[in-house]
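What follows is calculated from the coordinates using simple rules that are stated; it is not laboratory data. A quick note: this is a predicted structure, and the numbers were derived from the prediction, not measured. Ideal geometry is used to build each Cβ from the backbone, glycine not excepted, and the neighbour counts take in all protein chains shown.
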Amino acid sequence: MTAVAAAPHAAARPAQSACPGCGLVLPAAGGWERYGRLSRTMPSAQETPTRLRRLIADTYAVQHPGARQRRAIQSVAVHLMGLCVLLERDGEARRPVPELGRTPPPRRLVLRWLEPPVPNGSLTIAHALGDEDDDARAADVEAWARDVWAAWSPHHATVHEWLGAPLPSGA
C-alpha cells in the first residue's frame with residue numbers, strides 16, 4: 001500500500017455564499033469586512049463629508065435588512081429615511097418649526113416591515129470599493145446609494161409618509 005499525499009492546493013478555503021442582502025458572493029462575513037474596509041479607506045472623519053459617511057452606513061444597512069423583527073424594522077426605516085433625506089432633499093432634515101412660540105405636537109411614527117426588493121440594488125459595496133482615488137470612490141458610493149434607493153422605490157411613498165414630507169414632484 002502506498003500513502004497518497006494531500007495535494008497542496010487542497011487546503012481548506014473559507015466557505016463562500018451569496019449575501020442574502022446584496023447577492024455579492026463572498027466568504028462568510030465578507031460583506032461586513034468590506035464595510036469596515038470602505039469606512040477605513042475613506043479620508044479621516046474631518047476630511048470625509050458627513051453626507052458621505054451617512055450614505056455608506058445607510059446604504060449598507062438598507063441593502064442588508066436582516067430578518068423581520070422589531071430591531072430590523074426600525075433599522076431599515078431609519079436608514080431608508082436617511083437615504084431619502086440625503087438623496088432627495090440634499091440632506092435637509094425636516095423638523096417642526098415653532099409657530100408663535102409653540103412647537104407642533106409630536107406625531108406617532110408607526111413603522112412596519114417593508115419587504116426588501118429582489119434584487120436589492122444592482123450595485124454592492126464591492127462597487128464602492130472599486131477606486132483608489134477619493135473623488136472617484138465618493139462618486140461610486142453615491143452611485144451605490146442611488147441604485148439601492150431606486151431598488152426600494154415601491155416603498156418610497158411609505159418613507160415619505162414616515163418623514164411627514166410630500167412626495168417630490170415627478171415621483
What nm value, rounded to one decimal, do you get for the distance between residue 136 and residue 118 when each label is placed 7 Å out toward the C-beta?
3.6
What ranking do 144, 113, 149 get, fewest neighbouring Cβ atoms within 10 angstrom at the top?
113, 149, 144
So what's the Cα pair-distance distribution over region 122-162, bin width 5 Å, in %?
5, 25, 22, 16, 13, 10, 6, 1
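Taking neighbour counts of Cβ atoms within 10 Å as a proxy for exposure, in what order, fewest first, do 51, 68, 108 appear?
Details: 51 17, 68 12, 108 5.
In increasing order of surrounding Cβ atoms, one gets 108, 68, 51.
Counting other beta carbons within 10 Å of each Cβ, put 59, 50 in order, fewest first.
Details: 59 30, 50 10.
In increasing order of surrounding Cβ atoms, one gets 50, 59.
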Output wanted: per-residue J couplings in Hz (rounded whole) for region 132-138, from phi through Karplus 6.51 cos²θ - 1.76 cosθ + 1.60, θ = phi - 60°, x for Gly and Pro.
8, 5, 4, 5, 5, 5, 4
